Structures are given as structure tokens and as C-alpha cells.
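*Asks:* Mind looking over this structure? Questions follow.
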Amino acid sequence: MNEWRALTDRCNDFFWPCLRRRTWLESRSLNSAAANEGSPRPGAFATTRWSLILSGADSKGAGKETRAALAELCRIYWRPIFAFISRRGYSAEDAEDLTQDFFVMILEGDWLQHADPSRGRFRSLLLKSLQNFLNDAADKTYARKRGGDVSFVSWDAWMAEAPSQLSISTETLNSWPAERLFDVRWAATVVERALRRLREECERKGRLRVFDVLSAYLTAERDDVSSVNLATTLGIPQATVKKLLYHMRQRYRWLLRDEVAHTVENPADVEDELRYLCSALAASSE
């Protein structure tokens, strides 16, 4: 746990300046009971999106709930897909078309029937499927016209949530392999989702001001936090500031874990996936 916490702090130190600026964006509620509680409920993992998807993969046509869960995961993680395709040398317009086509294949095709539960992680399976999709697309002698007969994916609606601006130079981003960019974008999305959820929870409790002031210190070292100054800013006792910051940090780490849990099939994979994603972000800052 201490190892993962250290990795989490490193990746958040790297992404915090750009991600914090985006917490004001209006975001969709996850409508999850677990998201409103201070700790996970026993057995809650079985209802995560990827577990639900895999459990319904063998049923012909899959149920509405399974399809909805798959559509939600695709909506959340379209940015790594788009970034990967763009990094492979496609223009922005072609990357948009290919991203749409890829998700149409995932959401409307028989992709679920080929999803192997033993592969476990949605991220890994999606990346492998994307690589195969692009290889097939490169062999085709035609291209779908923009605005054609497929309208299953509303691209404009997805693009309303503009990609987070990573605090990395364009030159550096362009030098990365597509796979590395995919992982970094994926990890950044996980962090951003956790921050948004934390902000929403604070807002529901009437503590938006507390979030705005204390959120910058979620990963700060104890010596770098002046509880006296924060207490003055918020107009509350110093002891209350320390208590609020402690609970916000605990909740934030749980939300990060919960976001990852929705993309793995086995609870035992959560910690490894967290370490991998946090390591990807930390390595990118070096």
C-alpha cells in the first residue's frame, strides 16, 4: 500500500496543475451507490462495469445493462484511443473517423463474444483490439465518408469533454511510441475521473469551497502544508482543516482505486493495474 501511495503521489504531482484546472467542468454522475460512500461495500466489485460486461459476454446479443456498461467505458476512455490513432500518423479528421468506426465495431459488433475473461483488463484488451483494427483498416481500399450512414457514436457529444492538456511539450509527446501515449492518456483519465468525483461529492455536501482550497494539497508533503494559512482562508479551526484534508486524501485514493476497479475483471488485478498506470505517469515526468 505504501508503495502504491508513493506512486500515486508522484503521478498526481506530475498531472495536478493541468487536471485541477479541469475540475470545474460539468461532468456526468456515475450513479453508483459505492461512489457516494466513504468505503467500498462487501461484494461491490462484482457489479463493476468490466465484470458486468464479461459476465454477459456469452449471452447472444448481450443484455441492455451489459451494452450500457460497455458504452460507458468506451465513452470514458475515447481519448486514449483517439491519441493512439493520431500518433500512428493519421490526420485529426481521419483519427476521428477511425475512432468512431472502432467504437461502432465494439458497441454494435460481436466483439463481446470474443472477449476473453482470462485477459482481465479492459485497457489491455482494448489496445490489442485497436491495433488489430488499424491493421485491418490499413488493408482496406476505401474510407467511410464523414457523416455517413453510421450515427451510433455522437462524436460531437464526446468531444465536448476536451482532452486534458498534459504538462508535457508537444515535441516530447510526438516522440513517444503510440503505446506509451495510450497508457499515459489512460492513466490521466483515471486521475481526472477521481478528481471530478471528489469535487462532485464535496459539492453535494456543501463543501465546494473546501475542495477548491484543499484539493491542491491532496498529494503535498506534510511540511508543505500550512494548516494555519488554510484555516485562515477557510475561516475554520486548524484542527478541522487537518481532519478535512486527511479524509479528502483517503477518499481520493479510494476513488482512484474504484475507477481502476471498473476496468479489471479480477479484484486481485486492481493493485497491479494501479501500480502500472502510476508508474507510466511517473516515468513520463522524468
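The values are calculated or read from the model by the stated rules, or taken from the named source; none is laboratory data. None of the values given here were measured: they were computed from a predicted structure. Backbone-built Cβ (ideal geometry, glycine too); neighbour counts: all protein chains shown. Side chains are part of the model used for accessible areas, which takes the heavy atoms of the whole protein and leaves out ligands, DNA and RNA. Shrake-Rupley method; radii C 1.70, N 1.55, O 1.52, S 1.80 Å.
*Asks:* Once you keep just the Cα pairs under 8 angstrom separated by 6 or more residues, what percentage relative contact order results for segment 183-276?
*Replies:* 31
*Asks:* Right, here's the next one. What distance in nm separates the two pseudo spin-label positions at Thr240 and Gln113, each 7 Å out from Cα along the beta-carbon direction?
*Replies:* Spacing of the two 7 Å Cα→Cβ label points: 6.1 nm.
*Asks:* Another question, if that's okay. Accessible area per residue for segment 174-283 in Å², computed with a 1.4 Å probe and the full protein assembly in place, what is it?
*Replies:* The answer is 44 Å² per residue.
*Asks:* Quickly rank 76-84, 218-226 as a protection proxy: mean count of other C-beta atoms within 10 Å, highest first.
*Replies:* 76-84, 218-226
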